[in-house]
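The values are calculated or read from the model by the stated rules, or taken from the named source; none is laboratory data. These numbers come from a predicted model, not from an experiment. FYI the Cβ positions are ideal-geometry reconstructions off the backbone, even for glycines, and counts take in every protein chain you see.
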Ligand code: AMP
Ligand code: MN
Ligand code: MN
Ligand code: MN
């Protein structure tokens with residue numbers, strides 16, 4: 001088997017908070033030269049069969065994927081799972097529990113935004129939701145941009161949807177050890193997503209990486225649409241220090257919103273173990 005030259009192992013479809021269908025993403029990935037792809041919707045694997053078929057139709061190799069929301073040290077951390085059995089019952093149950101609070105949380109977000117003079121945000125966000133089980137802050141952000149409250153989604157998050165801001169509703173997601181276990185027990189590899197996004201203190205970051213490893217986590221995203229070149233170098237060092245495999249993924253959500261397109265990423269540093277080398281038996 002030839003080694004993949006341009007893997008992209010992180011993106012979102014209309015089944016979570018992306019704006020393209022799995023088929024549209026597969027075509028775009030292929031057009032951009034991706035030769036190993038994974039769709040990693042938030043807390044949801046129901047589009048995996050479609051993504052797998054779409055990748056095959058494009059002649060592109062595929063790894064199953066998911067991005068699990070986790071609460072660690074009172075903050076939200078994302079754990080990507082790759083190469084698992086997407087029909088695994090324990091994984092499905094864990095993801096269903098993780099998704100559970102999203103509905104009530106969204107209603108409360110709408111109530112809080114109404115109190116600061118933005119009525120109808122819950123109903124507005126719902127118009128952007130492709131999967132009723134998965135309403136996310138991104139859908140609110142799209143509504144607030146469309147209705148002219150903010151210029152772009154980045155501004156919405158900065159002003160309304162992040163910790164301490166009026167539309168932010170704290171939420172308890174899955175536990176780190178559970179998320180890693182659901183993925184690994186279904187035959188996959190767990191990967192810490194975009195670590196630079198968490199802005200943890202060195203102590204908390206060290207705890208995240210060591211606990212993740214103790215639970216059986218094996219990878220970290222080094223090259224991602226969420227990292228600068230400097231951050232990629234920093235997390236390449238963390239991969240070496242913690243003996244983790246390295247992953248690469250754009251985190252593409254939408255042609256209108258994402259800075260980095262599918263397949264348009266820098267290569268991984270050559271000395272790191274690429275996460276897909278642990279998953280050759282799981283490739284479709
Ligand atoms: P949720 O799972 O509902 O908390 O929504 C999280 C999603 O919001 C992430 O997966 C991103 O797609 C999006 N997001 C988070 N922070 C930002 C930001 N600062 N700018 C744009 N999108 C963001
Ligand atoms: Mn997202
Ligand atoms: Mn994420
Ligand atoms: Mn993501």
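Taking the conditions (1) out of contact with any helix residue (DSSP H, G or I) (no Cβ under 9 Å at 6 or more places or on another chain); (2) surrounded by fewer than 24 Cβ atoms within 10 Å (Cβ to Cβ); (3) in the same structural domain as residue 187 (by TED's automatic domain parsing) in turn, residue 2 satisfies each one other than (3).
Can you work out which of the residues in the range 162-180 that are in contact (Cβ under 8 Å) with a residue 40 or more places away in the chain and assigned to a helix (DSSP H, G or I) is nearest to ligand 2 (Cβ to nearest atom)? The qualifying residue nearest to ligand 2 (Cβ to nearest atom) is 179. Taking (1) in contact with a helix residue (DSSP H, G or I) (Cβ under 9 Å, 6 or more places away or on another chain); (2) closer than 12 Å to residue 16 by Cβ in turn, residue 99 satisfies each apart from (1). Given the structure, is residue 145 touching a helix residue (DSSP H, G or I) at 6+ places or on another chain (Cβ under 8 Å) and either part of a loop (DSSP other than H, G, I, E, B) or closer than 28 Å to residue 268 by Cβ (or both)? The answer is no for residue 145.
All of 231, 221, 257 fail the test of being surrounded by 15 or more Cβ atoms within 10 Å (Cβ to Cβ), in contact (Cβ under 8 Å) with a residue 12 or more places away in the chain, more than 17 Å from the chain's Cα centre (by Cα) and in the same structural domain as residue 21 (by TED's automatic domain parsing), apart from 231.
Selection within the range 43-69: residues that are closer than 16 Å to residue 94 by Cα and without any contact (Cβ under 8 Å) to a residue 60 or more places away in the chain. The member of this set that is nearest to the chain's Cα centre (by Cα) is 65.
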